[in-house]
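*Asks:* So that we are looking at the same thing, I have put the structure below in structure tokens.
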Amino acid sequence: MVNTQLCIPKKSLFLLLIVFTISHSFVQPTFSTNLLRCILYPRKSIQHLELRSSSNAGWGIFHHDQKPLFPDDVQSVAMAAREAVAATLYEKEQLDPNRSHNARSKTIYNNIPTRGEADRGRIGIEIDGASHLFRSGGMTDDRAVRLFSVYFGAELAKGPWKGYESIPQKFTRPVVMYFNTIKQSLIACEELANLKRIPDASTTCNDVIIKTLGQDPKIPKSMLKKRKSTKGLLNGRVEPKQGIVIVVQPTDFNAEFQPPGPAVNSVSHLQQLVARAAIENLPVIIISPRFLRQQPFESNSLDLSGFQRSAVYGGDEPPRGPAPWILRDFFPPAFAWIGSAVTLSRLEHQESNDSSSLQFSRVSMMQSVLNKDRSWDLFGVKQDNQKLVHQYLASTSTSAGRPTMAIVKYIFEEWSS
């Protein structure tokens, strides 16, 4: 019997395959180029193809069975932030998935920063696009953050915190708030005076103290410990019932100067205040820090660009760095509220069960230590009958960090289609 099997040398077969790939590159250039890469560099190209085919898989996009709600006014956001702070201080927050991520990581360079026990008393709050908290026009983000901070301070002064503290009802919790400049402090005092005119808030506002960062670095006497002791300083133990320190939007650049210029020694003033609060076992809350606007931090700094594509504080893409080391103690934030992650160019979405079109203008986001899996929840903001309605879209994994504008647009397009 004659063997009619065609025998082709391996080298010739290899050359024929390359010629076939190149000849079909005009029809399917992407496929042909990737196939050629797989032939020449098999390991590298296979990994490249997997990344291209699952470019959005790293964000861990999923949908909660029970749709979360989105707070859309200053009072509800202040209450949600207070709940996140209380859960953090009393160790009742949701488990951090980033810890298991770091445990599975093969190298420390892929680790995501997590909060340790020593950082429990140092809490970050991010409020981005705060002007969307107020329906009235003409509200700037700076004034909106200032107003939110006053409401937030009044919420923290209330006591006892239901579900966290069991103390007598007649209880006062002093809250001291530090602003960047004297002008900001004076305006905040005026806003606090307006809030005192509201009957429900008048009693708690009396326990709120407003100061200027760097001008009066001393802790108020009403918040000092009666007995001086360093016990609990190393492990970060704090006493929320004793009082709370809030620093509102610390920055290294002052736009109120004429002409605008850098805020000298802003980082050192913040470090001194945080150190004094730690000695007194007082928790410190930073609201929307905005460093890296002016001066570079070449020494004693932290590079934030290695583990996130979008900065949690400020939303820069990619994150600018390095940042002052003091921010590491306040990362990741316990609560983040983003009023406008992206502005949508596609405004109309036709509901399948409704003939009326709904106007979408932007996408908002929120994250809290009380969220299940600490996910980032995305909401489409639509205008319906002159009312703002927030439509839940999807959620992303906390391990991927704050969603970028590209992934937010992708999620909205997938949802709307």
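The values are calculated or read from the model by the stated rules, or taken from the named source; none is laboratory data. Not measured: the values here are computed from a predicted model. Here Cβ is always computed from backbone atoms with ideal geometry, including for glycine, and neighbour counts include all displayed protein chains. Keep in mind that these areas ignore ligands, DNA and RNA; they rest on the heavy atoms of the full protein, side chains included. Shrake-Rupley method; radii C 1.70, N 1.55, O 1.52, S 1.80 Å.
*Asks:* Suppose we filter Phe253, Phe257, Phe171 for residues that are at pLDDT below 90 and in contact with a Gly (Cβ under 7 Å, 6 or more places away or on another chain); which single one remains?
*Replies:* Phe171
*Asks:* Taking into account only those residues within the range 199-208 that are surrounded by fewer than 15 Cβ atoms within 10 Å (Cβ to Cβ) and assigned to a helix (DSSP H, G or I), which is modelled with the lowest pLDDT?
*Replies:* Filtering first and then ranking leaves Ser202.
*Asks:* In contact with a Leu (Cβ under 8 Å, 6 or more places away or on another chain) and either in a helix (DSSP H, G or I) or open to solvent by less than 30 Å² (accessible area, probe 1.4 Å) (or both): does that describe Ala144?
*Replies:* The answer is yes for Ala144.
*Asks:* What number of residues within the range 144-199 are more than 23 Å from Ala263 (Cα to Cα), aliphatic (A, V, I, L, M) and touching a strand residue (DSSP E or B) at 6+ places or on another chain (Cβ under 7 Å)?
*Replies:* 5
*Asks:* If you don't mind, there's one more thing I want to ask. Answer yes or no as to whether Ile125 is assigned to a loop (DSSP other than H, G, I, E, B) and among the β-branched types (Val, Ile, Thr). Lay out the reasoning, then the answer.
*Replies:* Values: assigned to a loop (DSSP other than H, G, I, E, B): no; among the β-branched types (Val, Ile, Thr): yes.
No.
*Asks:* Can you name the condition, by its number, that Ala84 falls short on among (1) at pLDDT 90 or above; (2) surrounded by fewer than 18 Cβ atoms within 10 Å (Cβ to Cβ); (3) part of a helix (DSSP H, G or I)?
*Replies:* (2)
Per-residue answers, yes or no, for (1) without any contact (Cβ under 8 Å) to a residue 40 or more places away in the chain; (2) in contact with a helix residue (DSSP H, G or I) (Cβ under 8 Å, 6 or more places away or on another chain); (3) open to solvent by 50 Å² or more (accessible area, probe 1.4 Å):
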site: Ala154; (1), (2), (3): no, yes, no
site: Lys158; (1), (2), (3): no, yes, yes
site: Thr172; (1), (2), (3): yes, yes, yes
site: Tyr178; (1), (2), (3): no, yes, no
site: Ile182; (1), (2), (3): yes, no, yes
site: Leu192; (1), (2), (3): no, yes, no
site: Arg197; (1), (2), (3): yes, no, yes
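A quick yes/no check of all residues on (1) small (Gly, Ala, Ser); (2) crowded, with 20+ Cβ neighbours inside 10 Å:
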position	(1), (2)
Asp373	no, no
Asp377	no, yes
Val389	no, no
Tyr392	no, no
Thr396	no, yes
Gly401	yes, yes
Ala406	yes, no
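*Asks:* Please verify whether Arg115 is touching a residue at least 12 places away in the same chain (Cβ under 8 Å), more than 21 Å from Asp316 (Cα to Cα) and assigned to a loop (DSSP other than H, G, I, E, B), treating the condition exactly as stated.
*Replies:* Values: touching a residue at least 12 places away in the same chain (Cβ under 8 Å): yes; more than 21 Å from Asp316 (Cα to Cα): yes; assigned to a loop (DSSP other than H, G, I, E, B): yes.
When the stated conditions are applied, Arg115 passes them.
*Asks:* Sticking with this structure for a sec: Please tell me if Arg293 is touching a helix residue (DSSP H, G or I) at 6+ places or on another chain (Cβ under 9 Å), at pLDDT below 85 and assigned to a loop (DSSP other than H, G, I, E, B).
*Replies:* So Arg293 does not fit the description; no.
*Asks:* Residues that are among the basic types (Lys, Arg), modelled with pLDDT of 85 or more and under 19 Å from Leu370 (Cβ atoms): does the range 131-145 have at least one?
*Replies:* Restricting attention to the range 131-145, the residues satisfying the condition of being among the basic types (Lys, Arg) are 135, 143.
Narrowing the set further to residues that are modelled with pLDDT of 85 or more leaves 143.
Now drop any that are not under 19 Å from Leu370 (Cβ atoms), which leaves none.
No, the range 131-145 has no match at all.
*Asks:* Right, another one. Which is more than 15 Å from the chain's Cα centre (by Cα), farther than 27 Å from Pro283 by Cα and among the charged types (D, E, K, R), of Asp65, Asp73?
*Replies:* So the residue among Asp65, Asp73 that is more than 15 Å from the chain's Cα centre (by Cα), farther than 27 Å from Pro283 by Cα and among the charged types (D, E, K, R) is Asp65.
*Asks:* Now a separate question. Kindly indicate whether any position in the range 97-120 is among the small types (Gly, Ala, Ser) and surrounded by 16 or more Cβ atoms within 10 Å (Cβ to Cβ).
*Replies:* No, the conditions are met nowhere in the range 97-120.
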